[in-house]
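Worksheet for the structure shown next.
The values are calculated or read from the model by the stated rules, or taken from the named source; none is laboratory data. Source: prediction; values computed, not measured. Here Cβ is always computed from backbone atoms with ideal geometry, including for glycine, and neighbour counts include all displayed protein chains.
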Amino acid sequence: MNQTNKPGVAAIITLGAIQILSWGGSFYLMAVMANPIAMETGWSQQWIYGALSTGILVSGLLAPLSGRIIARTGGRLLLAMSGAVMALGLVIMTFSYHLPLLLFAWVIIGVGMAMGLYDALFATLGTCYGAQARAAITGITLISGFCTTLVWPGTALLIHVLGWRGACLAIAGLLTLCVLPAYLYALPATRAVRPVNTRSPQSSSADIAPGLFWLLCAIFTLASVIMTAISVQLITLLQASGHTLTDSHHFFLGRPGGAWLAVAGTGTADGAAEHGALRRREWFTCHCARNFTAGDGQTRVLCDCGGPDGPPGVDGTGADAVDRRLCI
């Protein structure tokens, strides 16, 4: 595979749709499902949300390993298997009649998150397409930014019809059926040819300074904590204030521009909610949320802000993804 090739439009749409399903079946699941679980089981919501935190922790701890696997194999099979791993966790969650089993289910889901969410996907795209991956990354983040807009009402509907346990099984079925063929279709079967490293010793000065790197990690971690707290707790807080589940969704999804609010809420739309910027095609975006360790051992941060000429670039030498939720 030559790195001058670009992912096609159909592949970008497919990857964006699968990211919606993957995020909705893992990270954003508890925002809608925590209250029904607590009502049926009597478990405290602190423990239920603690299960989600366990999954996020496992995902962060496994992110470097995921990156090394991508560096060796190209990442296609890793991503393709992520849906089955998440589905296994959801099946275990379905039959969780004791709290420790729920926590174990989220350990499995956390493994799937490390395999199949943004960090692994973007590292794979960088490995497969090099600098040509930047447009695909922008398109995928824009599409999957509508995750909460689609997933929260859909999950609420499944819970209403099937109960929360049945909803877990239904989502597990979707992950099993959709993720594997989608990644096999959308990603190339062969790895890109990595260019020979011609860096001189003097070029090491261009790497980001360690102090700035850890400062960026701290900023991204704080932003992720705030985003997670809002995305997970918002519906619960609205319900505690007397709103129904349907009203809670309509509160921010049913208003003018509400879909864009949901996009911005995921932290992935990269400023695309600025309608004027979209009309003028001024893509003032910034892909700073992903850190990579290049194949030559040099650590870089994808922090390339684009101007009026197009979206930002991407360092195509990415190998090891460092999860932004666990940088400090």
Q | In segment 20-43, the residues that are farther than 29 Å from Ile143 by Cβ, part of a loop (DSSP other than H, G, I, E, B) and out of contact with any Leu (no Cβ under 9 Å at 6 or more places or on another chain) | A | Gly42
Q: Mind listing whichever residues of segment 30-84 are closer than 22 Å to Asp119 by Cα and without any contact (Cβ under 8 Å) to a residue 24 or more places away in the chain?
A: Ser53, Ile69, Arg72, Leu77
Q | Among the candidates Arg191, Arg165, residue that is at pLDDT 90 or above and basic (Lys, Arg) | A | Arg165
Q: Starting from segment 164-191, take each residue that is more than 17 Å from Lys6 (Cβ to Cβ) and list its partners that are in a helix (DSSP H, G or I) and among the polar types (S, T, N, Q), counting only C-beta distances under 6 angstrom and pairs at least six apart or across chains.
A: Arg165/Thr94; Cys168/Thr94; Leu169/Thr94; Ala182/Thr14
Q: Name the single residue, out of those in segment 121-150 being crowded, with 24+ Cβ neighbours inside 10 Å and among the aliphatic types (A, V, I, L, M), that is farthest from the chain's Cα centre (by Cα).
A: Ala133
Q) Restricting the search to segment 19-63, which residues are within 16 Å of Gly163 (Cα to Cα), polar (S, T, N, Q) and surrounded by fewer than 18 Cβ atoms within 10 Å (Cβ to Cβ)? A) Thr41
(Q) For the condition modelled with pLDDT of 90 or more, out of contact with any Phe, Trp or Tyr (no Cβ under 6 Å at 6 or more places or on another chain) and within 18 Å of Leu169 (Cα to Cα), what is the one hit in Ser26, Ser59? (A) Ser26
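Has segment 115-127 got any residue that is closer than 16 Å to Cys168 by Cβ, touching a helix residue (DSSP H, G or I) at 6+ places or on another chain (Cβ under 9 Å) and in a helix (DSSP H, G or I)?
no
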